[in-house]
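Here, each number is a calculation from the coordinates, and none is a lab measurement. Quantities reported herein were computed from a predicted structural model and do not represent experimental measurements. Cβ coordinates were reconstructed from backbone atoms using ideal geometry, including for glycine residues, and neighbour counts include every protein chain displayed.
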Amino acid sequence: MITHIIVGNEAAKPLQEAQGLDESLQGEIVVLKDTLGIGPIYTAEGQTFSGVRTDFWKSINAAWPENQVVEDEQNVTAICDALHEDDQVWFWMAPCVSDVMAYYWLLNYFKKHPGVLHCIFINSLPFFNAKGGLFYPKNFSEVLPKEMVKCQKLVKDVSPADYEMDGDEWPRLAGENAMVRSHEGGKKIMSRNDSYLDNYIANQFQFANEFVKANKVISQAISKMTEGVSDVFMIHRLNCLIAEEKLETQGDGKKGLKDLDVRVKKD
C-alpha cells in the first residue's frame, strides 16, 4: 500500500484529482499542515515538537483556537506505527522551503524503517500549464492533475546514502533554531533572522508617501514572494514594525487590517 505525504491543502488537491485519473496512484493522502520555513523547530528536554509548533502559532495568531494543536507529528507517528511489509510512503517535494524542511524532518521518523520512504522531487523540472506552456513550479498546487500523474515516474527510494548525506541537516537547522528559513536551490536551506522577510513589506512603500491599507500591504507583499509564506506570519511582522516605530498607523487595527492604514514613519 502507498501512503502519500504532501505539504498543504492546496498542493493536495491536484494529487487527489490525479488519483482519479490513474489507479496506480491510489492510497491515503496525509497532508502536512504546518509550514516549517518559519518559527522555532528546536525541542528541549521535556518538550514535544507538536507542542513547540503549537505554542509558536498561538503566539503570533490571536485567532488560533485554544484547543487546536499542530497534528503533523501525531499523523506521521501513526503512519510509522501502522506500517506493514511492502508498504511505501511517497513524499511529494517541490523546490520550496516548506517542502524541503518537511523532507528533512521526515527523515528522523523513517530512518527506523529503511526502504519505506520514497520521494518525488520536482526541482528544476518543467511542466505544462493549462495553456500548454512550460513552467517550473515551486509548489504542487501549481501542477495540473494530469501532470501529477506523470510525476510517479520520478519516484525514488530514500537510500541509506540519502539518510547519511541529508540526515545532518535537521539537527543543524534545529540547532540554529532561526525564526525564518529560506530555500536556496536544490535541497539547500539557510537560517535567517526574524526580519528577513520585512523588505517585502517595506517595498510596498517605495512609491507611496501616504497611508496605505494594511491588508493591501500584506497581500501585495505575499504576491511578490517566490515561495508561499503564511499571511499570519507576515501580519505578525507588520505588527513588529509598528511596535518598533518603523511604521506609523491610523485607524483601528483591532477591527482588522482593512480598518488599519500604515505608512513609513516620517522623521
From fewest to most C-beta neighbours within 10 Å, the residues D99, D252 line up as D252, D99
Restricted to the chain, the DSSP antiparallel beta bridge percent, nearest 5, is 55 percent
Rounded to the nearest whole number, the Stokes-Einstein translational diffusion coefficient of segment 198-264 at 25 °C and 0.890 mPa s (Kirkwood radius, C-alpha pairs) in µm²/s is 208 µm²/s
Taking a crude spin-label model, label points 7 Å out from Cα along the C-beta direction, the K216 to W64 distance in nm is 3.1 nm
Amide H proximity to L247 below 5 Å, modelled H, separation 5+ or other chain, gives I242, K265
Nearest 10, in degrees from 0 to 90: the angle of helix 231-243 to the longest Cα principal axis of the chain is 30 degrees
Which residues qualify? For V180, with a placed amide H closer than 5 Å and at least 5 residues away or on another chain, they are G39, R192
Using the Kirkwood formula on alpha carbons, the hydrodynamic radius of segment 119-261 in angstrom works out to 18.4 Å
Close lysine pairs (segment 187-259; alpha-carbon distance under 18 Å; 8 or more apart or on separate chains) counted at 10
